[in-house]
Every structure is written in structure tokens, then in C-alpha cells.
Amino acid sequence: MHNRRTAIQMLTTAAAVPLMPRGLRAQQAQQALQMLPMLDATGGARVELAASAGRTRFAGGEASPTIGHNGSYLGPLVRVGRGEMPTVVENRLDEPITTHWHGLMVRGELDGGPHSLIQPGERWDIVLPIDQPPATLWYHSHVHGRTAPQVYSGLAGVLQVVDGEDEARGLPTSYGTDDLTLVIQDRRFDEAGRLAYDPGMPDIMHGFSGDTILVNGQIGRTAAVPSGVVRLRLLNASNGRIYPLSFASGREMHLIATDAGYLDAPVALDALTLAPGERAEILVDFSGTERDALVSEENPNEGRMMRGMMGRSGNTLGNRFDVLPFAVDARLAARIDRIPDTLDGSMPDLAGRAGTTREISLDMGMMGPGGMGGGMMGGRGMMGDGMMGRGMMGRGMMGGERDQDGIPDPDSDLFGVNGQPFDMQRLDFQVPQGDVERWIVTASMLAHPFHVHGVAFQVLSEAGGPPRPQNRGWKDTVLVNDQVELAARFDQPASRETPFMLHCHILEHEDGGMMGQFTVG
Ligand SMILES: [Cu+2]
């Protein structure tokens, strides 16, 4: 990507600095954050994505082997309107990939789930029918057992559905000036400055987290913003880290959109928690200020289990850290100077319309098949007999059931849904097309971001109470801590050959088997 090449050139000129990533990070602090390159397909242009291997120099030191779409890391921001989106994804890697359109309402065969493998050298040539309200979505690989390492290495990008009405809504629209798309990830680097993915058991259990924040694949940058209202489209594309976000100054965030589209009016928030897979769009008023920073508190899952027994994961960011500093640049045009009173998003109204109710438990620390408690250790208990039993200590942890990447073998039984690890060959249930269903989703041991393919859903309740304000719009991923009740209408069909997935979006959990699949028809 051009942006990155420029950054690399600048780093090269600073070669007097020894190969010390942290030193270079300080040097980079004044460099401006770059947006992902935009691939504008609103006019119906064919979207061409080539997944290929490359090398990326993130923080000085050596370049890292990475993978990306049309570049060495991540991919373009693809912007589309309603109508047909002719798309071809070419796999130039030496391993199978898929391209899952996270949040796109399309039938199962176009969804890019684990059954839609694109083999090395193959092209996936499709036409995506875009028919949903404007929203910030994303795309990423979804190969069962390989999603975590592939996404970590860069196989993800942003997909935005737009309708050209944002100026009329009074929203910022100038990409990279007052309308910023921010892909937030955390990564680890080795001593030489190379991207490292070396999950140990605490990483697999908590979800892999790193000590360095990347925004749009860049480290230590500052976003230049005008002295006015700025729109931030946030995507948490991290493998495992949950970010409780706020501004260092306490500045209000005005939530305008959740995963699947606009709210009916902005909602002022002091803080916003973004779990892996989730998106949120906020307006922030930078007028009358010079600097501020988007900051995060500690991952709430960190150390929640087995702290004494297994130690912390390789996460040293601490209790409050910068995600992205902002510097107001008075030369930039601020087109919007007030937060709009209303938006035209359609709010969910599925409560009370649900027919079938399903209970879905997101399980971890399970016993072997037929083990106690129907296959999982006792729910929210932590140190029951099951923990020390065959499931974790005997087989999953010590039994060598990890492949060369350290990912739990998909056939191990550390993780599951309703007591069973994911099985590509097993259909978990069938939903009649057009039905509204109520799902009661419970989380075991940690908070798990629950994602359902092919639908947008309404959060009816969280932990027995009303949903938090950030979860009152249309969602496709929701952080389940204890219990979430949701309702969805299943309009898109999905066959036995390409069923829809439901899964935890902590990618190490997903790869480990915290996933199920269902048909709609
Ligand atoms: Cu999980």
C-alpha cells in the first residue's frame, strides 16, 4: 500500500536509531494516521481482492511475513451502495482461505463461512446482492481452525454499505478528514520487531492479546482532525482483546450506529466497550480543543480465570493505555459543527414477536464427550473437578492436541457450544426461513462476543436487565457476560452445504470449537 511504503521510507531515513521498536514508536508519534485505501464500488465497479503473502515493517526492525488483500497487511476499505456487487476473491496464498462478509445479509452460499473454501490459486467469483441499511461491516477469513492465525497475519478488511444520504443526515462524510475508519488491533512483536503469534495456553483460554496497539495496521500514530465534529467508525478486529473505550479528557462520544446500522438518534456515552467483531460509529466534537486521546481500560477478560494457575497472557498494556491520540489541525475543514438531533435508523422491534426459543451455551473447559454435565464443566464455576479432568489438563493442554501454530486442534474439547465442539459435518439446528426466534445465550467462565451469520438481531436483555445503551440498536455481535437474550428474523436462506455459523468472536475460542452451524429454509 502506498501509505505504508511512505511510512517505511520515513523509517529508513531515521536509520540512525538502532533496531529498537519502542524507540521508533516514540519517533512515529507525530506521524499522521493513514486510512485504509478505499475501493469505491458505489458505482457498481467489480470488487477485486487478491489475498497474498507480503512483508510488512510495522515498528522498525525486521519486516514481518504478513498476509493481506491487495497489499501486505489488511485490505482496502470497500464501499458499496445498494444493488449488485460483482466480486472476485483470488487466493494467491499456499493455504485455503475464505472471505466472510461479517454483517452482510446474504444467503449462505455467499456468506464466506468455513464451507466456502477458496483453494490456493482459485478465484471465488460471485455477485453479492447488497440490500440493507448503511453500516460499517468487515470481511475476514473464516477457515475452521485457521481463522485466528490468518486474521492475525492480516487477512481482514472493511466493508461499508452507504446510501449517499449522510450529508442530509448532518453527518461528516470526508473520508480521512472528518470521517475516519479505525481498525483496532493488538499485536505482539519479537525482539527483532517481527510480528509474533505464539499463543500459550493462557492466550488460548483468554484469547490472544498483545502489548502493542495497531490502528489501520500502524503503530504509534496520531490522527489529525478538524476543530469540529468528527465521525469515528470503530472496528475491533483484534483476536481476543475487549476494549472498554473512552476519551482521556472524558469527552462525550455520541453513538450513531451499532453493528448493523444507524440508531434513530445519537446517544451520548462516556464509555463504550468494543469486543472482537463489533463495530460502533461515534461522533466526537473536537472544537475548542487541541489534543485528546481515545484510551482503553484493561481487557475485562484478562486474569478472570486461572490467574494464579496459568499466569497472565503476554499483555503488558496495563489498566489504561492510548488506542489513538488525536491532534486538532486548524487547517482541516470542519464541515459539521453540531451533533444532529435525530437520525433515520430503524430501531429493532422484534420483542414479543419471537416464536421458537433456543438456549445456546458458550462453553469452555469442557470434559471429553459424555463427560460430566453433558460435556462441559459446571457453567460459571471455575475450579470444579472438570477443570482438572481429562478435558483440559489431560488432553487439551498436555496431550499434544495443538497444531504447529499452537492453536488447539479443532477436534479437541476445550471449547464448544451446547456441550459440543464444532463439527463441520454436524448440523446443529434448522430455522424456518422468515421466522423470528428468541435465543438465550449464556457464557461460561469469561465474557464471549457472540456473532451470528446471516442476520441482524435485537438484544432483548443483558444479565437479566435491560440492554446497555450501546446494545440497543441492530447488532450482529454482542458481548455475552453471563447471559444475553436476543431476537432475530431469519430472512436469508442457508443450505446444509453452506450453513450459517454462530460462534464466539474470540478467534482462539472459535478455532478451538466454540462454534455451531444451522440452516435457514
Ligand atoms: Cu469466547
| Taking a temperature of 25 °C and a viscosity of 0.890 mPa s, what whole-number D in µm²/s does Stokes-Einstein yield for the range 37-153 with Rh from Kirkwood over alpha carbon pairs? | 167
| Tell me, what are the semi-axes, in whole angstrom and largest first, of the equivalent ellipsoid of the range 432-521 as set by the roots of 5 times the Cα gyration tensor eigenvalues? | 21, 17, 9
| According to the square roots a ≥ b ≥ c of the eigenvalues of the Cα gyration tensor, what is the shape class of the range 140-214, taking rounded for a/c under 1.5, prolate for a/b larger than b/c otherwise, and oblate for the remainder? | prolate
| Using 18 Å as the cut-off for backbone N distance, which residues of the range 134-150 belong to the label zone defined by a point 7 Å from the Cα of Ala168 along Cα→Cβ? | 134-135
| remark: With x for Gly and Pro, the residue-by-residue ³J(HN,Hα) of the range 487-501, computed from phi through the Karplus equation 6.51 cos²θ - 1.76 cosθ + 1.60 at θ = phi - 60° and given in whole Hz, is 10, 8, 9, 9, 8, 7, x, 8, 8, 4, 6, 9, x, 7, 9
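Restricting everything to alpha-carbon atoms, can you work out Rg to Rh for the range 35-93 with a Kirkwood hydrodynamic radius? Can you show the working numbers first?
Details: Rg = 13.6 Å, Rh = 12.6 Å.
Reported Rg/Rh, Kirkwood definition of Rh: 1.08.
With a 10 Å radius around each residue's Cβ, average the other Cβ atoms per peptide and rank 290-297, 456-463, highest first.
Packing order, densest peptide first, comes out as 456-463, 290-297.
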| task | Determine, at each q value in 0.12, 0.18, 0.24 (inverse angstroms), the log₁₀ of I(q)/I(0) that the Debye formula gives when each Cα of the range 183-252 is one equal point scatterer. | result | -0.42, -0.83, -1.21
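Regarding the range 180-328, what's the average projected area of the Cα-atom convex hull, expressed in nm²? Could you put the intermediate results ahead of the total?
Numbers: hull surface 37.1 nm².
Value for the range 180-328: 9.3 nm².
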| request: Using the heavy atoms of the protein chains and a 1.4 angstrom probe, tell me the accessible area per residue for the range 109-219 in square angstrom. | output: 26
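Ordering Thr56, Thr498 by how much accessible area each has at a 1.4 Å probe, largest first, what is the list? Could you put the intermediate results ahead of the total?
Details: Thr56 0, Thr498 25 Å².
Ranking Thr56, Thr498 by accessible area, largest first, yields Thr498, Thr56.
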| remark: For the range 477-521 (alpha-carbon point model, no solvent) the Debye-based log₁₀ I(q)/I(0) at q = 0.14, 0.15, 0.28, 0.32 Å⁻¹ works out to -0.42, -0.48, -1.08, -1.11
| Gap separating the Cα centres of the range 184-251 and the range 137-175, nearest whole Å | 16
| R0 of 30 Å, Cβ-Cβ distance Glu109-Glu48: FRET efficiency to nearest 0.05 | 0.90
| task | Using θ = phi - 60° and the Karplus relation 6.51 cos²θ - 1.76 cosθ + 1.60, list the HN-Hα couplings for the range 127-139 in order, rounded to whole Hz, with x at every Gly or Pro. | result | 10, 8, x, 8, 8, 7, x, x, 6, 9, 10, 8, 10
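Would you mind giving the three semi-axes, in whole Å and largest first, of the ellipsoid equivalent to the range 86-230 according to its Cα gyration tensor?
Values: eigenvalues 159, 129, 32 Å².
So the equivalent ellipsoid measures 28, 25, 13 Å along its semi-axes.
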| task | Between Arg251 and Ala192, with labels modelled 7 Å along Cα→Cβ, what's the label distance in nm to one decimal, could you check? | result | 4.0
| request: Hey, can you grab everything whose amide H is under 5 Å from the amide H of Leu93? Only 5+ residues off in sequence or another chain; H modelled, so Pro and N-termini drop out. | output: Gly121
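Which order do the peptides 431-442, 351-362 come out in when sorted by mean C-beta neighbours inside 10 angstrom, highest first?
Values: 431-442: 17.6, 351-362: 15.2.
Ranked by mean Cβ neighbours within 10 Å, highest first: 431-442, 351-362.
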| request: Give the Debye-formula value of log10 I(q)/I(0) at each listed q (0.21, 0.25 Å⁻¹), with one equal scatterer per alpha carbon of the range 75-124, two decimals each. | output: -0.84, -1.10
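The values are calculated or read from the model by the stated rules, or taken from the named source; none is laboratory data. Since we're looking at a predicted model, the values are computed, not measured. Cβ coordinates were reconstructed from backbone atoms using ideal geometry, including for glycine residues, and neighbour counts include every protein chain displayed. Just so you know, the surface numbers come from the protein's heavy atoms only, side chains and all, with ligands and any DNA or RNA stripped out. Shrake-Rupley method; radii C 1.70, N 1.55, O 1.52, S 1.80 Å.
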